[in-house]
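The values are calculated or read from the model by the stated rules, or taken from the named source; none is laboratory data. Source: prediction; values computed, not measured. A quick note on method: Cβ atoms are made from the backbone with ideal geometry, for glycine too, and the neighbour counts reach across all protein chains shown.
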Amino acid sequence: MLPHLSTYKYQSHFSSLPQTSLILIFKSTMSSSTIIILSAFLFSFSIAASAANFYQDFEITWGDGRAKVLNNGDLLTLSLDQASGSGFQSKNEYLFGKIDMQLKLVPGNSAGTVTAYYLSSKGSTWDEIDFEFLGNLSGDPYILHTNVFSQGKGNREQQFYLWFDPTADFHTYSILWNPQRIIFSVDGTPIREFKNMESKGVAFPKNQPMRIYSSLWNADDWATRGGLVKTDWSQAPFTASYRNFNADACVHWGSSSSSSSCSSNSGSSNAWYTQELDSTNQDRLSWVQKNYMIYNYCTDTKRFPQGLPQECQSS
Ligand SMILES: *[C@@H]1O[C@H](CO)[C@@H](O)[C@H](O)[C@H]1NC(C)=O
């Protein structure tokens with residue numbers, strides 16, 4: 001069942017911290033009529049700028065100043081140097097949603113660095129949906145590494161090259177997660193689908209709310225050409241950027257598993273909740289898998305001598 005719709009996203013703008021504190025600062029120095037005009041201005045501004053606000057939706061969790069929210073909350077940057085990487089997480093937990101983020105990855109010689117962007121729940125039987133971007137030498141291709149964990153079990157890697165340079169511009173990386181399927185997309189093109197195959201005994205993430213996490217760290221023991229190419233610290237700090245976060249999602253409240261509210265930015269529909277790949281998108285998925293997929297656990301018979309995982313055995 002789809003939990004009830006609410007306008008939570010709208011309401012939360014009013015408690016947005018930066019605007020509130022600005023009003024408090026001005027209050028001590030200005031006449032009351034000025035405050036009213038100023039408040040009205042800030043109020044309308046907060047609605048206009050509300051589409052994505054990293055102050056509102058995320059918190060920086062580590063990196064000692066290496067992660068920064070900039071441009072009034074429109075932009076977030078992570079950086080990595082020899083002493084530390086950095087990371088952030090969403091304030092909300094989600095139980096199903098369509099979640100978009102634009103990323104611009106570490107440019108130039110990014111070998112050894114990994115930018116991870118993923119959803120994860122907590123505990124020893126956690127669920128997780130992963131995008132990981134493995135850096136490379138200048139001009140050599142990034143690898144987009146994906147994985148799905150359900151109830152603590154992963155080992156479902158698929159890796160891709162991209163059909164563009166992910167460091168030259170921002171591109172949109174999306175996770176559609178509904179009760180029937182998980183679809184990974186890049187600029188609206190599906191690259192991977194993980195279907196709910198509980199009927200075949202394969203656990204599917206559907207009971208544990210997940211937070212969004214992202215981090216930039218050094219993984220030169222494995223990331224680039226399997227660890228052969230090391231991080232060149234003379235290029236540090238390495239920086240990845242984020243903007244235009246959007247979640248049409250069910251936000252989970254408190255600790256009980258039953259309370260969540262679903263918001264849709266369009267205000268009109270929660271089509272994502274039952275969305276599936278139409279034939280056009282099925283074709284695009286096949287195009288990516290044929291031309292850009294470089295590793296698929298579902299065809300790695302050497303790795304699974306006892307037989308491929310259940311979800312890999314088609315119909
Ligand atoms: C880096 O470039 C090399 C050479 O083109 C390629 O084999 C490798 O898959 C690329 N990506 C990573 C992350 O190693």
Among the residues of the stretch 193-214, are any under 15 Å from Leu144 (Cα atoms), in the same structural domain as Thr239 (by TED's automatic domain parsing) and under 14 Å from the mean Cα position of the chain (by Cα)? yes
Over the stretch 135-154, the set of residues away from the ligand (no atom under 16 Å from the Cβ) and in contact with an Asp or Glu (Cβ under 8 Å, 6 or more places away or on another chain) is Val148, Phe149, Ser150, Gln151, Gly154
Name the residue that is nearest to the ligand (Cβ to nearest atom), counting only residues in the stretch 108-129 that are of a type outside the set (D, E, K, R) and more than 22 Å from Gly227 (Cβ to Cβ). Ile129
Is it the case that Ser86 is assigned by TED's automatic domain parsing to the domain that holds Gln235 and away from the ligand (no atom under 16 Å from the Cβ)? yes
Residues Pro190, Pro179: which one is assigned by TED's automatic domain parsing to the domain that holds Ala240, over 18 Å from Asn296 (Cα atoms) and more than 16 Å from the ligand (Cβ to nearest atom)? Pro179
Does Asp100 satisfy being in the same structural domain as Ile182 (by TED's automatic domain parsing), under 29 Å from Gln275 (Cβ atoms) and within 16 Å of the ligand (Cβ to nearest atom)? no
Test Gln89 against the criterion of being touching an Asp or Glu at 6+ places or on another chain (Cβ under 8 Å) and either in a strand (DSSP E or B) or surrounded by 23 or more Cβ atoms within 10 Å (Cβ to Cβ) (or both), and give yes or no. yes
Residue under question is Glu132, and the condition is that it be within 16 Å of the ligand (Cβ to nearest atom) and surrounded by fewer than 21 Cβ atoms within 10 Å (Cβ to Cβ); does it hold? yes
Specify the residue that is farthest from the ligand (Cβ to nearest atom); the eligible residues are those in the stretch 210-246 that are surrounded by 22 or more Cβ atoms within 10 Å (Cβ to Cβ) and not hydroxyl-bearing (Ser, Thr, Tyr). Met210
Do we find that Phe149 is touching a Pro at 6+ places or on another chain (Cβ under 9 Å), at pLDDT 95 or above and assigned to a loop (DSSP other than H, G, I, E, B) in this structure? no
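Here's the yes/no breakdown for (1) charged (D, E, K, R); (2) under 27 Å from Phe245 (Cα atoms); (3) at pLDDT below 95; (4) within 16 Å of the ligand (Cβ to nearest atom):
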{"site": "Ser261", "(1), (2), (3), (4)": "no, yes, yes, no"}
{"site": "Glu276", "(1), (2), (3), (4)": "yes, yes, no, no"}
{"site": "Tyr292", "(1), (2), (3), (4)": "no, yes, no, yes"}
{"site": "Leu308", "(1), (2), (3), (4)": "no, no, no, no"}
